[in-house]
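The values are calculated or read from the model by the stated rules, or taken from the named source; none is laboratory data. For clarity, every value in this text was computed on a predicted model and none was experimentally measured. FYI the Cβ positions are ideal-geometry reconstructions off the backbone, even for glycines, and counts take in every protein chain you see. Note: areas computed on protein heavy atoms with side chains; ligands, DNA, RNA excluded. Shrake-Rupley method; radii C 1.70, N 1.55, O 1.52, S 1.80 Å.
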Amino acid sequence: MKIATWNINGVKARIDTVREWLGESQPDIACFQEIKSVDENFPRQAIEDLGYNLETHGQKGFNGVALLSKRPLEDVQRGIPGDDSDEQARYIEASVSTDAGALRFGCLYLPNGNPLGTEKFPYKISWMDRLIEHTKMRLAEETPFILLGDYNVIPDPIDAARPEVWSEDALFQPISRQNFRALINLGMTETVRACTEAPETYTFWDYQAGAWQKNNGIRIDHILLSPQATDKLNGCGIDKHVRGWDKPSDHVPVWVDLAA
DNA sequence: ATGGCTTGGCATCCAAGA
């Protein structure tokens, strides 16, 4: 079973690119971030025509996440618990049934947190705290749980082409990295690093300053697996070539293959 | 380089992204 995450940077602007990638990659589950659309305006038909069930959690203008699945999506949950006043659409979770049992997927768009010194950074950190608490609860269930999306965290210096330029950025702050590490330390496996130690493994290249052409990238899109999901891990990959397509997102898809 | 593109919106400039 192929499970992918991709920050598509606007579903309206990206729908043709998204459909081309879905046809090529054929994921069983796809998790999208930054759909930048309200639920009513999401181009459902263009996705459903390719054989996918679809659940969205959108808002006007920014953010927004979506789950696609060839199997029915069950027990859909929108938002990360822990702050009823949070109106930003950044999390959607659902289950699918397989012959080997249920799998649960959490699709996340973690706050960017820039610029430092504004309310945006503490919002990022508190959002991560809520994600950690929610993940503890899921792990206690001792079932396959896949937490994937745009984490907006550069875990280590090797995950940036030029780590020094990110030193004052929310994505590479010690507390951001510590919270990401705390999530892994709960017992989650970070799949890309489980599959490769290769340097220059990135998932995002800025639109500006020829970042793609210079391979000036960062690795911020991650797939974390609970122990029960890690037991099923066959492999993982990054669809880097998609960044070179016409009308690309600035992120590329990241995927895992699970025996299920 | 002082964010150099790209997106969507109370749009024809602004905010937000990373």
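Taking (1) open to solvent by 20 Å² or more (accessible area, probe 1.4 Å); (2) outside any helix (DSSP H, G or I); (3) touching a residue at least 12 places away in the same chain (Cβ under 8 Å) in turn, A:Ala194 satisfies each apart from (2).
Report the residue count in the range A:171-188 for those that are within 17 Å of A:Arg138 (Cβ to Cβ), among the hydrophobic types (A, V, I, L, M, F, W, C) and either open to solvent by 60 Å² or more (accessible area, probe 1.4 Å) or not in a helix (DSSP H, G or I) (or both). Step through it out loud before you land on a result.
Restricting attention to the range A:171-188, the residues satisfying the condition of being within 17 Å of A:Arg138 (Cβ to Cβ) are A:179-180, A:182-188.
Pick out the ones that are also among the hydrophobic types (A, V, I, L, M, F, W, C) and you get A:180, A:182-184, A:186, A:188.
Next, from what is left, pick out any that are either open to solvent by 60 Å² or more (accessible area, probe 1.4 Å) or not in a helix (DSSP H, G or I) (or both): A:186, A:188.
The number of residues fulfilling the criteria is 2.
The single condition from (1) without any contact (Cβ under 8 Å) to a residue 12 or more places away in the chain; (2) crowded, with 24+ Cβ neighbours inside 10 Å that A:Val254 fails is (1).
Take residues that are modelled with pLDDT under 95 and tell me which of the strands (runs of 3 or more DSSP E) falling wholly in the range A:1-88 contain 3 or more. Steps first, please.
Numbers: elements: A:2-7, A:29-33, A:53-57, A:65-69, A:74-78.
Ranges flagged: none.
What is the residue count in the range A:58-90 for residues that are touching a strand residue (DSSP E or B) at 6+ places or on another chain (Cβ under 9 Å), within 16 Å of DNA strand B (Cβ to nearest atom) and more than 20 Å from A:Leu22 (Cα to Cα)? Summing the residues that are touching a strand residue (DSSP E or B) at 6+ places or on another chain (Cβ under 9 Å), within 16 Å of DNA strand B (Cβ to nearest atom) and more than 20 Å from A:Leu22 (Cα to Cα) in the range A:58-90 gives 6.
None of A:Ile154, A:Ile146, A:Ile218 is touching a Leu at 6+ places or on another chain (Cβ under 9 Å), more than 14 Å from DNA strand B (Cβ to nearest atom), open to solvent by less than 20 Å² (accessible area, probe 1.4 Å) and aliphatic (A, V, I, L, M) except A:Ile146.
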